Amino acid sequence: MSRELDERRAQHQRYKEDVKERGKPFYPYAMFHDTVMSLVVVGVIIGLAVIWKVTAGEDPNKPGLLGPLYAEPADPGTTNFVPRPDWYFYFLFYLLRIFKWPNTVILGTVGIPTIALVLLLALPFLDRRRERRILRRPVAVVAAILTVLSMGVLTFKGATARESLGSETLAAVPTWAKRQGFENNKQALAGAKLFATVGCENCHTYLGTGSSNLGAPDLSAIGKGQQASFFAQYVSNPRKFGNRVMPIYGETYSKAQIAQIAAFLAASKGPH
């Protein structure tokens, strides 16, 4: 231990001598340069924001130099929009396709990125050598190459991935219809497809699919003892029934869509 400590002190002393003879120390010179560059970047961002605000009008058809001030409002009732992340999250986006929900999604979205970040933060403490020549650091070089390759491949795969909205859940609709016995009920089938594509299973479970959140019940047998008219009223405005968590879908979906979902729920009396 003493020998290692003496070696580290000798290396630090050589570093101080090299700095004194040939260069400048990291503090304050390099930190000053970083601070100036950070201020320049922030200034550019603020300048672009001011230009966008000043030159853009409220009419989306007359954009300014950097685009319109306001775009068309988001439609919460859309059923044909496939959300995709920004390009720098494509690698994480594709991890979700490898680690399927719900059993391994935590590993793919939290576990692997967290492990990689912890290893990156721990690296300066684990490897304290002052050797900088690439050929003398094979482990670090191989690890860096593998990281770059994996990130590049995952980013490419995520950028080129094609999927339909709610594809996995939507594929389960024929199975639902067969197990529940509404294969010939066109209204219920349409409601099941709508249910599978608009995100209802973010809170509800149905015949083993989806996830239970915010206290939302399993809907596999919700139709026992209830009529479609009841579900139409409930889905349109859950507040009338004391539900303060579920959104008011009557404000975002048409009466025809509400009727389809109601028919689907009424036909869900438990698997045969």
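Coordinate-derived values only; no laboratory data. Please read all numbers here as calculations on a predicted model, not as lab measurements. Neighbour counts run over all protein chains shown; Cβ positions are idealised from the backbone, glycine included.
Some points to look at:
- Take 118-129, 190-201 and order them by the average number of nearby Cβ atoms within 10 Å per residue, most first; the result is 190-201, 118-129.
- Once the Cα-Cα distance is subtracted from the 0.36 nm per residue extended length, the residue 221 to residue 35 segment shows a gain of 60.8 nm.
- Cα-Cα over 29 Å, subset of 186/224; 178/255; 53/157: 53/157
- FRET efficiency for the pair residue 130 and residue 87, taken as 1/(1 + (r/R0)^6) with r the Cβ-Cβ distance and R0 = 51 Å, rounds to 0.90.
- Of 31, 246, 151, the one that fluctuates the most in a GNM where the chain has Cα springs shorter than 10 Å: 31
- Mean Cβ count within 10 Å, highest first, over the residues of peptides 225-232, 84-91: 225-232, 84-91
- Helix-only CD estimate at 222 nm, as mean residue ellipticity for the chain, using -39500 (n - 2.57) per DSSP H run (n ≥ 4): -16500 deg cm²/dmol
- Between residue 96 and residue 171, the distance separating the two model label sites (each 7 Å from Cα on the Cα→Cβ line) works out to 1.7 nm.
- Rounded to whole Hz, the Karplus (6.51, -1.76, 1.60) HN-Hα couplings of segment 108-122, x for glycine and proline: x, 8, 10, x, 5, x, 5, 4, 4, 5, 4, 4, 5, 5, 7
- Once both labels are positioned 7 Å from their Cα atoms along Cα-to-Cβ, the gap between residue 112 and residue 211 label points is 1.7 nm.
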